[in-house]
């Protein structure tokens with residue numbers, strides 16, 4: 001009978017290259033998926049999907065980005081880097097961020113606030 005040999009393969013390929021092994025980073029922190037799940041209320045299956053880059057298994061929309069941020073924070077990984085990888089892997093466009101004097105997020109400084117209603121005292 002031949003001896004079994006375990007070959008470690010990268011767990012996360014997102015953009016054609018090998019990304020950091022998030023599961024290994026989590027284990028070095030001494031944290032289990034179950035502990036992260038209890039702290040964040042995110043299902044273990046979703047956390048596992050994030051670790052291996054299977055983003056299609058996430059619920060979508062703001063839930064996906066929120067889960068990715070919380071997971072990254074839980075293992076002290078740069079959440080912006082992990083989100084950038086998520087956007088590259090999924091082909092989704094990241095949301096615009098407001099600039100100076102721009103609160104609508106469209107990249108232009110053309111935000112005009114709505115006029116406030118005038119309160120009139122009844123006579």
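Since residue 38 meets every condition but one in (1) at pLDDT 90 or above; (2) farther than 14 Å from residue 77 by Cα; (3) surrounded by 13 or more Cβ atoms within 10 Å (Cβ to Cβ), which condition does it not meet?
Answer for residue 38: the failing condition is (3).
Residue 62 versus (1) surrounded by 13 or more Cβ atoms within 10 Å (Cβ to Cβ); (2) not in a loop (DSSP other than H, G, I, E, B): which is the lone unmet condition?
Answer for residue 62: the failing condition is (1).
Residues of region 51-71 being at pLDDT below 95, within 19 Å of residue 24 (Cα to Cα) and out of contact with any strand residue (DSSP E or B) (no Cβ under 8 Å at 6 or more places or on another chain), which ones?
Scanning region 51-71 gives 51, 52, 54, 55.
Scan region 86-108 and tell me whether some residue there is touching a helix residue (DSSP H, G or I) at 6+ places or on another chain (Cβ under 7 Å), within 24 Å of residue 41 (Cβ to Cβ) and either loosely packed, with under 12 Cβ neighbours inside 10 Å or at pLDDT below 95 (or both).
Scanning region 86-108, I find at least one residue that is touching a helix residue (DSSP H, G or I) at 6+ places or on another chain (Cβ under 7 Å), within 24 Å of residue 41 (Cβ to Cβ) and either loosely packed, with under 12 Cβ neighbours inside 10 Å or at pLDDT below 95 (or both), so the answer is yes.
Could you please find all residues in region 23-59 being in a loop (DSSP other than H, G, I, E, B) and more than 22 Å from residue 96 (Cα to Cα)?
Selection gives 30, 31, 32, 41, 42, 43, 53, 54.
Find all pairs meeting these conditions: Cβ atoms under 7 angstrom apart; at least six residues apart or on different chains; first residue within region 22-47 and in contact (Cβ under 8 Å) with a residue 12 or more places away in the chain; second residue surrounded by 18 or more Cβ atoms within 10 Å (Cβ to Cβ) and part of a loop (DSSP other than H, G, I, E, B).
These pairs meet every condition: 22/12; 22/75; 25/75; 26/75; 29/75; 31/75; 46/58.
The values are calculated or read from the model by the stated rules, or taken from the named source; none is laboratory data. Note that the coordinates shown come from a computational prediction; the quantities given were computed from them, not determined experimentally. Counting neighbours? That spans all protein chains shown, and the Cβs are built from the backbone with ideal geometry, glycine included.
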